[in-house]
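> The following block contains the structure, expressed as structure tokens.
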Amino acid sequence: MLGKKLSYQTNGSTVEFEFEHGTAYVTAVTDTIMNVFVPYQSKDHRSKAIEGDKRLPVTVDVSEEGGAVQIKTDKLTAKVYDDFLIDFYKKDGTLLCADFRGERKKKKKLSDEALATLESEGHAVSAEGEKEDPVMVVKQMSGDEKFYGLGDKTGVLNKRNYEYENWNSDLPQAHTDDFKALYKSIPFLITLKDAGVFGMFFDNTYRSHVNLGKENSACYYYSAENGNLDYYFISGEKMTDIVEGYTYLTGRTPLPQLWTLGHHQSRWGYMSADDIRRPAKWMAAPQDEQQLRVILKICRELQIPCDTIHFDIDYMDGYRVFTWNEKGFGAPGAIIKEIAEDGFKVVCIIDPGVKLDPGYAKYDEGIANDYFAKTPEGEVYVNEVWPGEAVYPDFGKPDVRKWWAENQKFLVDLGVRGTWNDMNEPASFRGELPQDVVFTDEDQKTDHAAMHNVYGHLMSKATYEGLKEADGRRPFVITRACYAGTQKYSTVWTGDNQSLWAHLRMAVPQLCNLGMSGIAFAGTDVGGFGADCTPELMCRWVQVGAFSPLFRNHSSMGSTFQEPWQFDEETIRIYRKFVELRYQLLPYLYDLFRECELTGLPIMRPLVLHYENDPEVWNLNGEFLVGENLLVAPVLEQGETKKIVYLPEGTWYDYETKKPYQGKQYYMVDAPLDTCPMFVKEGGMIPTYELAQYVGEKPYDTLKLRVYPGNGTYLHYQDNGEDFAYHDGAYNVYEFTHEDDEKEASVQMKKEGYTKYKNILFE
């Protein structure tokens, strides 16, 4: 506690406070965003999520009344009291968020006897609640809060009454609702209540905890084990404003190459070039299992569109990063060039662990240049991952990131089109890295405790910059671990899920919360990574995957093969149907990615993001929006052939038949195995392309626009889908306007800087 307020002074948009026990700051970053900062550990922010000075010119009025210092912008007011308690108000004086002033009711500590009894029966018992983190902010609960965001946390959409931990974790067990941490740490929370909506971003990289009313219904809190109290309060009129504000601070997803939005096929276990080659050449039914015991690539003869094949760890020489396994994969890059003739692009995995192997170039370079993390005694720290004994690049060093970036050229020169960063929590086989392993934070020494949560973030940053320099096209990076702001550099997937119906159900709220946490380009392993996928589960999962921003079928060595052609003819047919739909919808998805680059709004969205005043959608886990106009309601339960669908206000139209439905109602709709209920908002327009087997197979010179009754305006974006020429104006923007029941829409060019479509058709 900081004690009594002694004095304050204003410096521009920052108010500096002196308290009995320390100094604190409140800064108006914009009219709607304020930063709250207590320098417990350091006087500077040293943010990894926020790059550059985000402060805008703001008129700030500072006054003192009723024992509080009032800091007021045109749209937000903060009142600061003794002990650095802060309350935030809307422009009209409505209280949005208040610091908690009551007595917290904490969990009671178990007796040693009770703890021993539980542990003897095999129960894992959390000690959380028995200690207090030194960095903490506790907020008052009014009783009507709904909580969203926090990245990839398990469970349901609304996080109220749950607790979580921010500590990037690779856990091999099947992820259940009670998991407190997974691969990503994104301490950003959106709170929706009757008084309004706001967000809070807690910019602290240490292990931290979020308790959203589980401990005490009167309050919720954020706490961290070390570092500064450094959080941003983000206000707005609606939920979309909060997402825009947060991504203004932490960055927005850059427009990707068009092919990355296509279908990706992957598996851990492509052991050789033949394993890659066979599917591209396969023309008949599989002869025997032994011939096809490999992670096969999408077969052109089955006419299932696919753009990308992922190479897992076996393409490397003994799992040494930036090497090539010539014994299994032939001459370096030869298989990549071969399958490129069939339109396949290749993404290669890279782990951070560098094999401890004197004579191996990357190890020797790292040792010579002091690039690896060390023990407190000054020795290079050694743990174990796939190559055996391995050392860890110190990505907090600018020189290390530059070195790692330069090594991406090895992959680019082979013909690789993207890099897949895995095992970068960082994972290790001999237990977690000790907290005191020595890392670097730019220009100063620090430890693993401070850098753990940003290790994957900094690795992704280096990878992105390296690919951009070596290739010149928009980089495609995938990462498993990340921190707030990683969306500037990488797409993500949700990690090692399982072929379980529970994990299919969880995919929807998980991807929606990632989207609201700034991570717009995200997906799950379609069909599940571990365990064995059934035909029915695969059919239903591809119906979710086809609308996920990242669309990748990936599975684990030792599980049943789950490429579509490994199933029966009916499953192949259904799988093909939804992959084809995905490819037809590419221009719509691309438009949403362009919108995301400009505003931060995600591609896959929970209904609450646009209908926050509708109680029916606050906890709606089984439906989602793709953009604002397309509603998808997949079947997520085994054996179900009907779906209860809630449609929000307005009139909605069946995607295929255009049958109208009135909103603010529930409907029971038919959903046989080959059907995913889809609805378009009144006045909505959905652009589509002619079906292709891969991006680049044929020119996209014709745009078809599906027009639905009602009044509406739609902006469509077009560029070359590949490089950065659009930054120099090489793009088109079309505005389509539609009224009532007209069959067509009027077209106006809002921006012309690229080759126009030859044809624009309406349907």
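The values are calculated or read from the model by the stated rules, or taken from the named source; none is laboratory data. Everything numeric in this text was worked out from a predicted model, so none of it was measured. Note that we place each Cβ from the backbone using ideal geometry, even for glycine, and neighbour counts take in every protein chain shown.
> Run S548 past the list (1) under 22 Å from D177 (Cα atoms); (2) of a type in the set (S, T, N, Q); (3) assigned to a helix (DSSP H, G or I) and report the number of the one that doesn't hold.
That leaves (3) as the condition not met.
> Among the residues that make up region 608-620, is at least one of them more than 23 Å from V542 (Cβ to Cβ), in a helix (DSSP H, G or I), in contact with a helix residue (DSSP H, G or I) (Cβ under 9 Å, 6 or more places away or on another chain) and of a type outside the set (A, V, I, L, M, F, W, C)?
Filtering region 608-620 down to residues more than 23 Å from V542 (Cβ to Cβ) leaves 608-619.
Right, trim to in a helix (DSSP H, G or I) and you get 608-609, 615-617.
Retained after the next criterion (residues that are in contact with a helix residue (DSSP H, G or I) (Cβ under 9 Å, 6 or more places away or on another chain)): 608-609, 616-617.
When the remaining residues are screened for being of a type outside the set (A, V, I, L, M, F, W, C), the result is 616.
The answer is yes, given that some residue of region 608-620 is more than 23 Å from V542 (Cβ to Cβ), in a helix (DSSP H, G or I), in contact with a helix residue (DSSP H, G or I) (Cβ under 9 Å, 6 or more places away or on another chain) and of a type outside the set (A, V, I, L, M, F, W, C).
> Taking the residues in region 179-222 that are β-branched (V, I, T) and in contact with a helix residue (DSSP H, G or I) (Cβ under 6 Å, 6 or more places away or on another chain) as candidates, determine which candidate is surrounded by the most Cβ atoms within 10 Å (Cβ to Cβ).
Applying the first criterion (β-branched (V, I, T)) to region 179-222 yields 186, 190-191, 197, 205, 210.
Those left that are additionally in contact with a helix residue (DSSP H, G or I) (Cβ under 6 Å, 6 or more places away or on another chain): 190, 197, 205.
Numbers: I190: 25, V197: 22, T205: 27.
By that ranking, first place goes to T205.
> Looking at E628, E595, which one is of a type in the set (D, E, K, R), closer than 18 Å to V680 by Cα and surrounded by fewer than 21 Cβ atoms within 10 Å (Cβ to Cβ)? Can you show your working first?
Numbers: E595 fails: closer than 18 Å to V680 by Cα.
When all the criteria are applied, what remains is E628.
> Kindly state which strands (runs of 3 or more DSSP E) lie completely within region 205-273 and contain at least 2 residues that are of a type in the set (A, V, I, L, M, F, W, C) and touching a residue at least 60 places away in the same chain (Cβ under 8 Å). Step through it out loud before you land on a result.
On the way: elements: 208-211, 219-224, 229-236, 263-265.
So the answer is 219-224, 229-236.
> Being in contact (Cβ under 8 Å) with a residue 40 or more places away in the chain and out of contact with any strand residue (DSSP E or B) (no Cβ under 7 Å at 6 or more places or on another chain) narrows it down to one residue among K327, K337; which is it?
K337
> Of the conditions (1) among the β-branched types (V, I, T); (2) closer than 25 Å to F147 by Cβ; (3) out of contact with any helix residue (DSSP H, G or I) (no Cβ under 7 Å at 6 or more places or on another chain), V669 clears all except one; give me its number.
(2)
> What number of residues in region 95-146 are at pLDDT 95 or above and either touching a strand residue (DSSP E or B) at 6+ places or on another chain (Cβ under 6 Å) or hydroxyl-bearing (S, T, Y) (or both)?
Adding up the residues that qualify gives 18.
> Now, a different point. Filter region 136-170 down to the residues that are crowded, with 20+ Cβ neighbours inside 10 Å, among the β-branched types (V, I, T) and part of a loop (DSSP other than H, G, I, E, B) and list them by number.
Residue satisfying the conditions is T154 alone.
> Say whether the condition of being assigned by TED's automatic domain parsing to the domain that holds E616 and on the phi > 0 side of the Ramachandran plot is met by at least one residue in region 664-675.
Yes; the residues of region 664-675 include at least one that is assigned by TED's automatic domain parsing to the domain that holds E616 and on the phi > 0 side of the Ramachandran plot.
> Check off (1) more than 28 Å from the chain's Cα centre (by Cα); (2) free of Cβ contacts under 8 Å to residues at least 40 places away in the same chain for D342 and give me the number that stays unchecked.
Looking at each condition in turn, D342 falls short on (2).
> Suppose the filter is within 25 Å of G199 (Cβ to Cβ), in the same structural domain as T463 (by TED's automatic domain parsing) and among the small types (G, A, S); does G485 pass it? Can you show your working first?
Details: within 25 Å of G199 (Cβ to Cβ): yes; in the same structural domain as T463 (by TED's automatic domain parsing): yes; among the small types (G, A, S): yes.
Yes: the conditions hold for G485.
Residue-by-condition table, conditions (1) within 29 Å of G149 (Cα to Cα); (2) in contact (Cβ under 8 Å) with a residue 12 or more places away in the chain:
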{"residue": "Y588", "(1), (2)": "yes, yes"}
{"residue": "F593", "(1), (2)": "yes, yes"}
{"residue": "D614", "(1), (2)": "yes, yes"}
{"residue": "V617", "(1), (2)": "yes, yes"}
{"residue": "L620", "(1), (2)": "yes, yes"}
{"residue": "P648", "(1), (2)": "yes, yes"}
{"residue": "K659", "(1), (2)": "no, no"}
{"residue": "K664", "(1), (2)": "yes, yes"}
{"residue": "L673", "(1), (2)": "no, yes"}
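> Considering every residue within region 349-364, establish whether at least one is of a type in the set (D, E, K, R), assigned to a helix (DSSP H, G or I), more than 18 Å from L411 (Cα to Cα) and modelled with pLDDT of 95 or more. Before you say what the answer is, go through the steps one by one.
In the first step, residues of region 349-364 are kept if they are of a type in the set (D, E, K, R); the result is 351, 355, 357, 362, 364.
Checking the rest, the ones that are also assigned to a helix (DSSP H, G or I) come to 362, 364.
Now narrow it down to the ones that are more than 18 Å from L411 (Cα to Cα): 364.
Narrowing further to those that are modelled with pLDDT of 95 or more: 364.
Yes.
> Of everything in region 73-114, what is touching a Lys or Arg at 6+ places or on another chain (Cβ under 8 Å), acidic (D, E) and without any contact (Cβ under 8 Å) to a residue 24 or more places away in the chain? Give them in sequence order.
D87
> Further question on the same structure: For region 513-527, give me each residue that is under 21 Å from V579 (Cα atoms) and out of contact with any strand residue (DSSP E or B) (no Cβ under 6 Å at 6 or more places or on another chain).
In the first step, residues of region 513-527 are kept if they are under 21 Å from V579 (Cα atoms); the result is 520-527.
Passing the criteria: A520, T524, D525.
> Look through region 377-408, keep the residues that are in a loop (DSSP other than H, G, I, E, B) and within 22 Å of K461 (Cβ to Cβ), and return whichever of them is farthest from the chain's Cα centre (by Cα). First the steps, then the outcome.
Narrowing region 377-408 to residues in a loop (DSSP other than H, G, I, E, B): 377-379, 381, 386-387, 392, 394-397.
Then drop every residue that is not within 22 Å of K461 (Cβ to Cβ), which leaves 381, 392, 394-397.
Details: Y381: 30, Y392: 24, D394: 24, F395: 21, G396: 22, K397: 25 Å.
Filtering first and then ranking leaves Y381.
> For L589, work out the one condition from (1) aliphatic (A, V, I, L, M); (2) under 30 Å from D178 (Cβ atoms); (3) in a helix (DSSP H, G or I) it doesn't fulfil.
(2)
> Regarding region 736-753, can at least one residue be identified that is buried (at least 18 other Cβ atoms within 10 Å of the Cβ), assigned to a strand (DSSP E or B), touching a strand residue (DSSP E or B) at 6+ places or on another chain (Cβ under 7 Å) and touching a residue at least 24 places away in the same chain (Cβ under 8 Å)?
Start the filter on region 736-753 by keeping residues that are buried (at least 18 other Cβ atoms within 10 Å of the Cβ), which leaves 736, 738, 745.
Now restrict to residues that are assigned to a strand (DSSP E or B): 736, 738.
Pick out the ones that are also touching a strand residue (DSSP E or B) at 6+ places or on another chain (Cβ under 7 Å) and you get 736, 738.
Narrowing the set further to residues that are touching a residue at least 24 places away in the same chain (Cβ under 8 Å) leaves 736, 738.
Among the residues of region 736-753, at least one is buried (at least 18 other Cβ atoms within 10 Å of the Cβ), assigned to a strand (DSSP E or B), touching a strand residue (DSSP E or B) at 6+ places or on another chain (Cβ under 7 Å) and touching a residue at least 24 places away in the same chain (Cβ under 8 Å), which makes the answer yes.
> Also, quick follow-up: Could you go through region 376-387 and let me know if any residue there is in contact with a helix residue (DSSP H, G or I) (Cβ under 7 Å, 6 or more places away or on another chain) and among the small types (G, A, S).
no
> Out of all the residues in region 346-386, which are closer than 15 Å to W403 by Cα and basic (K, R)?
K362, the sole residue that qualifies.
> Looking only at region 528-541, how many residues end up being on the phi < 0 side of the Ramachandran plot and either in contact with a strand residue (DSSP E or B) (Cβ under 8 Å, 6 or more places away or on another chain) or among the aliphatic types (A, V, I, L, M) (or both)? Before the answer, list the steps.
Initially, region 528-541 is screened for residues on the phi < 0 side of the Ramachandran plot, giving 529-530, 532-541.
Subsequent filtering for residues that are either in contact with a strand residue (DSSP E or B) (Cβ under 8 Å, 6 or more places away or on another chain) or among the aliphatic types (A, V, I, L, M) (or both) retains 529-530, 537-538, 541.
Of the residues in region 528-541, 5 are on the phi < 0 side of the Ramachandran plot and either in contact with a strand residue (DSSP E or B) (Cβ under 8 Å, 6 or more places away or on another chain) or among the aliphatic types (A, V, I, L, M) (or both).
> Within region 324-338, track down each residue that is more than 15 Å from D413 (Cα to Cα) and not in a helix (DSSP H, G or I).
N325, G330
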